Amino acid sequence: MTRTVYVNGAYLPEGEAKVSVFDRAFLMADGVYEVTSVLGGKLIDFPGHLARLARSLAALEIANPHDDDAWLAIHREMVAKNDLEDGMIYLQVSRGNPGDRDFAWPGAEVAPTVVLFTQSKPGLADSPQAGTGIKVISIPDIRWGRRDIKTVQLLYPSMGKMMAKKAGADDAWMVEDGKVTEGTSNNAYIVKGGKIVTRQLSTNILHGITRAAVLRFAREAQMEVEERAFTVEEAKAADEAFITSASAFVMPVVEIDGVALGGGKPGPVATRLREIYLDESRRSAI
Ligand code: PDD
């Protein structure tokens, strides 16, 4: 099936969807994005993604082109037009096309460019990887200092993912000043003695929407949560580890830099949190 893509108000077959070569996202990574999961044709954690979109846009002084109701309508239309049952919706807003290349942006008269597309992933919530867990390597975090803004500047994270694949692993955890910041496209957690440890929010990491929900569910289930940075050595000595993101939900980590955790099998905390997250977020899906 040819995908229907959204570009600036038009729903088009993907082959007809076009953006200018002068678009600021293409030339300067001057844009932000969101990825929302769809399960059973419904949007997961959608208010959180819209709130972060608004925050990212405001941080870059790009006008939000739509209100929440309009964003919801566009997302629902994309689900309908693409018969999307399980998968993701990618949304990108760039500063727009000023008609030429210039480091300075021309100002408010340029309309933002809005693009959405769907990615169909049948059985997304039943990923076999959740049963086996993933392996991560550690790499230095050399990204810029505003990682709390969800920009399309993804060169280093994508290089990190490729470094991991080359090393026979699935993903990379980035390390700064001796402490893990986050995964290439997810937030990172360890569990020791039943306590869940994940880095505190700052400009150094993306404020994961899945992270917020998972920590809320963990606290509601009387699990102990500590928000602080941890080292790779501490992670290697942990009972278990996991990551969270909109597309992976809660995914167990069973190996860090070649060291197996919990006998190389997903741990009970990650497994339980995945169940709770999927149940609760399905219930609140819209
Ligand atoms: N990535 N940290 C980084 C660097 C991320 O890119 C992401 C999400 C997260 C998790 O955020 P959330 O729970 O809101 O998805 C943390 C998305 C899924 C992506 O780039 O595809």
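The values are calculated or read from the model by the stated rules, or taken from the named source; none is laboratory data. All of these numbers come straight from a predicted model, not from anything done at the bench. Note that each Cβ is placed from the backbone with ideal geometry, even for glycine, and that neighbours are counted across all protein chains shown. What goes into the accessible areas is simple: the full protein's heavy atoms, side chains included, and nothing from ligands, DNA or RNA. Shrake-Rupley method; radii C 1.70, N 1.55, O 1.52, S 1.80 Å.
What the table below lists for this structure:
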quantity: Residue in the stretch 259-281 that is in contact (Cβ under 8 Å) with a residue 12 or more places away in the chain, within 29 Å of residue 155 (Cβ to Cβ) and not assigned by TED's automatic domain parsing to the domain that holds residue 87 present; calculated: yes
quantity: Qualifying residue in the stretch 192-212 (condition: closer than 19 Å to residue 129 by Cα and in contact (Cβ under 8 Å) with a residue 60 or more places away in the chain); calculated: yes
quantity: Number of positions in the stretch 86-100 that are open to solvent by 10 Å² or more (accessible area, probe 1.4 Å), within 16 Å of the ligand (Cβ to nearest atom) and in contact with a helix residue (DSSP H, G or I) (Cβ under 7 Å, 6 or more places away or on another chain); calculated: 2
quantity: Those residues of the stretch 31-57 which are buried (at least 21 other Cβ atoms within 10 Å of the Cβ) and more than 16 Å from the ligand (Cβ to nearest atom), in sequence order; calculated: none
quantity: Any hit, the stretch 197-209, residues being touching a His at 6+ places or on another chain (Cβ under 7 Å) and within 15 Å of the ligand (Cβ to nearest atom); calculated: yes
quantity: Residues satisfying the stated conditions in the stretch 210-236, i.e. outside any strand (DSSP E or B), out of contact with any Leu (no Cβ under 9 Å at 6 or more places or on another chain) and more than 10 Å from the ligand (Cβ to nearest atom); calculated: 215, 216, 219, 220, 222, 228, 229, 230, 231, 232, 233, 234
quantity: Sole residue being among the acidic types (Asp, Glu), modelled with pLDDT of 95 or more and within 13 Å of the ligand (Cβ to nearest atom), chosen from 83, 126, 67, 148; calculated: 148
quantity: Residue in the stretch 8-18 that is within 24 Å of the chain's Cα centre (by Cα), open to solvent by 70 Å² or more (accessible area, probe 1.4 Å) and among the polar types (S, T, N, Q) present; calculated: yes
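Residue by residue, here is whether (1) within 21 Å of the chain's Cα centre (by Cα); (2) over 15 Å from residue 137 (Cα atoms); (3) of a type in the set (Val, Ile, Thr) holds:
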{"site": "193", "(1), (2), (3)": "no, yes, no"}
{"site": "198", "(1), (2), (3)": "yes, yes, yes"}
{"site": "207", "(1), (2), (3)": "yes, yes, no"}
{"site": "210", "(1), (2), (3)": "yes, yes, yes"}
{"site": "254", "(1), (2), (3)": "yes, no, yes"}
{"site": "262", "(1), (2), (3)": "no, yes, no"}
{"site": "267", "(1), (2), (3)": "no, yes, no"}
